[in-house]
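Accompanying notes for the structure given below.
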Amino acid sequence: MNINDFRFDGNKKFKISDFDTKQDGKFKDRSEAEELRDDHIMELQGLQERLYAEGKEGVLIIFQAMDAAGKDGAVKYVMSGVNPAGISVHNFKVPSSEELAHDYLWRAMKAAPQRGMITIFNRSYYEDVLVVKVHDLHKKGSLPERVLTKDIFEDRYDQIKNYEKHLHQNGFRVIKIFLNISKGEQKKQFLQRIDDPSKNWKFSDGDVVERGYWDKYMEAYEEAINNTSTPDCPWYVVPSDKKWFARAVIAEIVVSTLESINPKYPEVSEKRKQKLAEFRELLMNEE
Ligand code: ATP
């Protein structure tokens, strides 16, 4: 598996109709992919600890997807095994009145990672060029006339690119992951949520309504990805009909990003080493 096959950094166009959501790499079977995923989780633990100890770079991982594509599972999976002190998750829901009273990036900025931390956005400011675009929500809010131009989404792509560039230039990595499922797979997942009583709570009536706008969403995703993919802040479009494959890909994306940071434990000065030796002696000589 080569994650570069799924990486969009502005050098190639993303065309949703050409993308095979059922891909499962060259794995012999599911268990082989799960083995690789578990190896990555082990690596992630060590990398996260060093990231935290070094406290220089921060990492923002954004998950976007249609309903039932496995966003929650992906978040849970990245969280598994890593030290909870160094990772946080933010879910972006329908904006509150306080959030709507600010610009759309405000709530994301407040939740941005600190140095040494990994922050996961479960949905993000990309909703403001996805659901908002699909339903023309910008026209229903309280934006002034002068910003409601035909270019409002082109403007937002630029604003998002600039914000992510700003983060990158200030020591934060931004990776954006689109879990791409087919409409057929979504139907299967919805039916499972209806048929399996333990999954009923996951089903919300609105999900079926949104499904009715599938083509408009796909168009919005394609445009958003093509307009906001950059070498420093790439998009990864992850085939997600097979969740076990998606998780193996996500694991590799996260690990390779942390590896590229190559965080190191802070160096201990000679003076400090001497001090530690003194403490050691003190402890050893305790009664
Ligand atoms: P799950 O995938 O587990 O069902 P979820 O992410 O769908 O969880 P919900 O609370 O069901 O969580 O949905 C969040 C809803 O908020 C989505 O329908 C999303 O489109 C909507 N939303 C998020 N940001 C915005 C925004 N800026 N404007 C309007 N709607 C938004």
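Of all residues in region 89-101, those satisfying the criterion of being among the aliphatic types (A, V, I, L, M) and either within 12 Å of the ligand (Cβ to nearest atom) or within 16 Å of the chain's Cα centre (by Cα) (or both) are Val89, Val94, Leu100. Within region 238-256, which residues are open to solvent by 20 Å² or more (accessible area, probe 1.4 Å) and of a type outside the set (D, E, K, R)? Matches in region 238-256: Trp244, Ser256.
Within region 102-150, the residues that satisfy the criterion of being open to solvent by 80 Å² or more (accessible area, probe 1.4 Å), in a loop (DSSP other than H, G, I, E, B), out of contact with any strand residue (DSSP E or B) (no Cβ under 9 Å at 6 or more places or on another chain) and more than 12 Å from the ligand (Cβ to nearest atom) are Ser142, Lys150. Listed by first and then second residue, the pairs linking a residue in region 182-198 that is within 17 Å of Tyr213 (Cα to Cα) to a residue that is open to solvent by less than 80 Å² (accessible area, probe 1.4 Å) and assigned to a helix (DSSP H, G or I), with Cβ atoms under 6 Å apart and 6 or more places separating them unless they lie on different chains, are Lys183/Trp214.
Report yes if Val82 is under 19 Å from Arg247 (Cβ atoms) and away from the ligand (no atom under 12 Å from the Cβ), otherwise no. So Val82 passes the test.
Is it true that Ala74 is under 23 Å from Thr230 (Cβ atoms), in contact (Cβ under 8 Å) with a residue 60 or more places away in the chain and assigned to a helix (DSSP H, G or I)? It is true that Ala74 is under 23 Å from Thr230 (Cβ atoms), in contact (Cβ under 8 Å) with a residue 60 or more places away in the chain and assigned to a helix (DSSP H, G or I).
Scanning region 47-75 for residues that are within 11 Å of the ligand (Cβ to nearest atom) and not acidic (Asp, Glu) yields Phe63, Gln64, Ala65, Met66, Ala68, Ala69, Gly70, Lys71, Gly73, Ala74, Val75. Being among the hydroxyl-bearing types (Ser, Thr, Tyr), away from the ligand (no atom under 16 Å from the Cβ) and outside any helix (DSSP H, G or I) is the filter here, so list the residues in region 209-263 that pass it. Of everything in region 209-263, those that are among the hydroxyl-bearing types (Ser, Thr, Tyr), away from the ligand (no atom under 16 Å from the Cβ) and outside any helix (DSSP H, G or I) turn out to be Ser229, Thr230, Tyr236. Residues that are surrounded by 13 or more Cβ atoms within 10 Å (Cβ to Cβ), over 30 Å from Lys139 (Cβ atoms), of a type in the set (Asp, Glu) and free of Cβ contacts under 8 Å to residues at least 12 places away in the same chain occur at least once in region 30-37.
The values are calculated or read from the model by the stated rules, or taken from the named source; none is laboratory data. Given the structure is predicted, the values throughout are model-derived calculations rather than measurements. Positions of Cβ are backbone-derived with ideal geometry, glycine not excepted, and every protein chain shown enters the neighbour counts. Areas reflect the complete protein model, heavy atoms only, side chains present, ligands, DNA and RNA absent. Shrake-Rupley method; radii C 1.70, N 1.55, O 1.52, S 1.80 Å.
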